[in-house]
Amino acid sequence: MELRHLRYFIAIVEAGTFTRAAERLHTAQPSLSRQIRDLEDFLQVALFERSTRSVKLTEAGTVFLNEARLVLAQAERAIDTARRAAGAQQFHLTVGVLQGVELGKLVSVINTLHITSPKIELTLQSRSSPELIDEVIERKVDLAFIRPSAQSKGLHLRTVRQEKLVVALPKGHKFASRRTVKLGQLRHEPFIGIPYEFAPVLVDAVQALLRSLGLSLKWAYEAENVLMAMSLIRSAGAVCLLPESYIAMLPQGVVAVELAETGPTLELAMAWHPENQSPALRAFVKAFGEPARPEQEKP
């Protein structure tokens, strides 16, 4: 069995007939049929229930389809990894950043790479932290700036900074001009919540702070992301607890005030897969700063 057998098999499933699959593959239908018979002979199972108009997967074929797709995906990943390790002339690096998080140093790093490693092509993507972690694990992203959690276990991590929680308020709010505010003073205000699946580390930090203070808040709104939360602050006069990195990204009409209470901090870290040996990745990590302590980069 060879990879081409798997590609032919998947093509037939997606096309629905041998004829359409042969057209897509630019091959003759008898040749395609022979390849599938060879595959079935090797597996010693029937993959299709054939009729004059269409083909239908057998139970064995349905199971084999999922595995075939996984094998092809793994093969493509192996090819990509080998090419990266070989150090192709043109490097490509995909970096994921948290939605709305200000990373002023990223600009200087990119400028440094343009000088020191001009062959590197850089692509930036913006996602939530859970999405970015999944993409690093699946090697769809080379490096990402994330909120470390149990989900990121096994990845190499390097702390970028620790952030306090602040409260974002409408500019006209009675506490907007204060340097600090007690969270208890805001307990009757309409608060905006962020879904756990979007920002689990933030939600856990907020809940930990509330437990430590013995407070409960009035959760009036739920925003799908931080940018939507910013809009609700302005339009609905609501308030929201956010990491301090968002201060630099606040839109006009929204201000941030520090909390008087000492609460938990949120870590922002770079994360990359331990098996990723990309020269472009190494260049980026080096340009970002001094190596972290060994224990910070253990899986």
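The values are calculated or read from the model by the stated rules, or taken from the named source; none is laboratory data. None of these values were measured; they are calculated from a predicted model. All Cβ positions, even for glycine, are placed from backbone atoms using ideal geometry, and neighbour counts span all protein chains on display. Protein only, heavy atoms only, side chains kept; ligands, DNA and RNA dropped before computing areas. Shrake-Rupley method; radii C 1.70, N 1.55, O 1.52, S 1.80 Å.
Taking residue 160, is it among the β-branched types (Val, Ile, Thr), surrounded by 18 or more Cβ atoms within 10 Å (Cβ to Cβ) and in a loop (DSSP other than H, G, I, E, B)? No: the conditions fail for residue 160. Restricting 47, 43, 93 to those that are modelled with pLDDT of 85 or more, open to solvent by less than 20 Å² (accessible area, probe 1.4 Å), of a type outside the set (S, T, N, Q) and farther than 25 Å from residue 278 by Cβ reduces the list to 47. Please verify whether the stretch 172-186 includes one or more residues that are part of a helix (DSSP H, G or I) and within 23 Å of residue 99 (Cβ to Cβ). Scanning the stretch 172-186, I find no residue that is part of a helix (DSSP H, G or I) and within 23 Å of residue 99 (Cβ to Cβ), so the answer is no.
All of (1) modelled with pLDDT under 85; (2) assigned to a helix (DSSP H, G or I) hold for residue 7 with one exception: (1).
Restricting the stretch 1-21 to residues that are of a type in the set (Val, Ile, Thr) and farther than 20 Å from residue 74 by Cα, the residue that is most open to solvent (accessible area, probe 1.4 Å) is 19.
Checking each residue in the stretch 136-152 for being more than 11 Å from the chain's Cα centre (by Cα), over 10 Å from residue 271 (Cα atoms) and not in a helix (DSSP H, G or I) picks out only 149. Residues in the stretch 124-148 that are over 22 Å from residue 227 (Cα atoms) and open to solvent by 40 Å² or more (accessible area, probe 1.4 Å): 4 in all.
For residue 133, are the conditions met, namely being over 30 Å from residue 193 (Cα atoms) and outside any strand (DSSP E or B)? The answer is no for residue 133.
Of all positions in the stretch 134-142, at least one carries a residue that is touching a His at 6+ places or on another chain (Cβ under 7 Å) and more than 30 Å from residue 247 (Cα to Cα). Return the residues of the stretch 35-84 that are of a type in the set (D, E, K, R), more than 18 Å from residue 11 (Cα to Cα) and within 25 Å of the chain's Cα centre (by Cα); say none if nothing qualifies. Listed by number, the residues that qualify are 77, 80, 83, 84. What residue, among those in the stretch 219-266 that are part of a helix (DSSP H, G or I) and of a type outside the set (A, V, I, L, M), is surrounded by the fewest Cβ atoms within 10 Å (Cβ to Cβ)? Per the criteria, the residue is 235. Only one of the listed residues (24, 53, 37, 69) is at pLDDT below 85, open to solvent by 20 Å² or more (accessible area, probe 1.4 Å) and assigned to a helix (DSSP H, G or I). That residue is 24.
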